Amino acid sequence: MLAQSNHHRLWLREQDHPAISLPRWQQQMDLLTSFYRSQTSLILQLAENSFQVVCTQQSQDYDLSAGTTFFDAPLLKLIQSQSGYGQFHVEGNEFTSSLSQFQHLICQLIYWPDGELFGCILICDPHQNKFQERLAPLVETTKSLIQAELKHLFLMMKVQILSVQDEQTSMLNQYGFSLMAPRQLSLSRRFGSHAGIILVETLCDEAGEVETESNEQMLRIVARIINNCLRDADVSARISHNQFIILCFIDNESNLDSLVLRLKKQFAKEGEKLNLVTGQSYFTPDTQIDLRPMQEQANKSLNLNRLGLDKKTR
């Protein structure tokens, strides 16, 4: 598991974060609805090609209450084709969702600070047509307020990621593993999954403690191979300068052996520079729920395998 931000795929309403003030966003929707005399004004978030209503002010029930999630291919295509500057107008009959019940809509795009599209502000069937140009700065102000809070959220997420991320490999670090692994273990045990721990250690020369460019490249290769061999539920991390750990969820012990064998084959494909040794442990759901003894058993396995490798090389 690589430590990375997934803010583009998370619904904002399902997160509790001090950087975002949804009541303030709601106030902006109330204002826009009042000034434009619109049937409804709403903020939509885009994630995984679907939309969710973040905040809304409706003159009646249009099936667009806060938290409503829907798919609308024409709207998706429309907002992805826009440059993002200023507002644009669109007819409601172009849409396939509940938005199709409106005749005319004003749209203002909203972006994350990294340039990724967050969603849009929609003003549906505005009756204030005479002063729409004068009201445009009000929509821009709302957009600026929302984007400022999104930037705050984005930066705080970055700080959180850096605190659990290994800088060289982009994997979880020891702290990140200690946070993520117990949660995954507890969740998987509830479904009766068996668990395994795999330790992977790079064998360095006498100067192995020194982080040379070649050593750093080797660590990144190991991290990439580990990440490519795991499933989404598995957790992996770099826990020391030359040691990696994997918590995997499997059906039986033979699956653990197969995963270790697959890792070794991939390591061998990368060439002789990857001088590695592994250790492993296996637990059934009813034997152990704490990671510590699992890790200790895997470490014993690693030490035995390292000792056996040393004897072969003498």
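The values are calculated or read from the model by the stated rules, or taken from the named source; none is laboratory data. As the structure is a computational prediction, the values presented were derived from the model and not from experiment. Note that we place each Cβ from the backbone using ideal geometry, even for glycine, and neighbour counts take in every protein chain shown. Quick note on the areas: whole protein, heavy atoms, side chains included, nothing else; ligands and nucleic acids left out. Shrake-Rupley method; radii C 1.70, N 1.55, O 1.52, S 1.80 Å.
Here are the numbers:
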{"quantity": "The stretch 7-162: radius of gyration over Cα atoms, expressed as a fraction of 2.2 N^0.38 Å", "calculated": "0.99"}
{"quantity": "Ser178-Ser50 FRET efficiency (beta carbon distance; Förster radius 51 Å; 0.05 resolution)", "calculated": "0.90"}
{"quantity": "Anisotropy class of the stretch 174-311 from Cα gyration tensor, a/c 1.5 cut", "calculated": "prolate"}
{"quantity": "Long-range amide H partners of Phe88 with built H, under 5 Å", "calculated": "Cys107"}
{"quantity": "In order through the stretch 30-39: 3J(HN,Hα) via Karplus (6.51 cos²θ - 1.76 cosθ + 1.60), integer Hz, x for Gly, Pro", "calculated": "4, 5, 4, 4, 5, 5, 7, 6, 8, 5"}
{"quantity": "Between helix 253-269 and the chain: long-axis angle, C-alpha atoms, 0 to 90°, nearest 10", "calculated": "90"}
{"quantity": "Segments 47-55, 19-27 sorted - mean Cβ within 10 Å per residue, highest first", "calculated": "47-55, 19-27"}
{"quantity": "Globularity index of the chain, i.e. its alpha-carbon radius of gyration over 2.2 N^0.38 Å", "calculated": "1.34"}
{"quantity": "Nonlocal amide H pairs with Leu203, under 5 Å, H built at 1.01 Å", "calculated": "Asn275, Leu276, Val277"}
{"quantity": "Phi to ³J(HN,Hα) by Karplus 6.51 cos²θ - 1.76 cosθ + 1.60 over the stretch 69-81, Hz, x for Gly, Pro", "calculated": "10, 8, 10, 8, 4, x, 5, 4, 5, 5, 6, 6, 8"}
{"quantity": "With every protein chain in place, the chain: carbon and sulfur % of accessible area (1.4 Å)", "calculated": "48"}
{"quantity": "Local electrostatic count, Asp125, Cβ distance below 14 Å [Lys/Arg +1, Asp/Glu -1]", "calculated": "0"}
{"quantity": "MRE, 222 nm, helices only [DSSP H, n ≥ 4, -39500 (n - 2.57), over the chain, to nearest 500]", "calculated": "-14000 deg cm²/dmol"}
{"quantity": "The chain, relative contact order [Cα under 8 Å, separation at least 6], %", "calculated": "16"}
{"quantity": "Karplus-derived 3J(HN,Hα), 6.51/-1.76/1.60, for each residue of the stretch 148-154, Hz, glycine and proline x", "calculated": "5, 6, 5, 5, 4, 4, 4"}
{"quantity": "Average accessible area per residue (Å²) across the chain - probe 1.4 Å, nucleic acids and ligands excluded", "calculated": "53"}
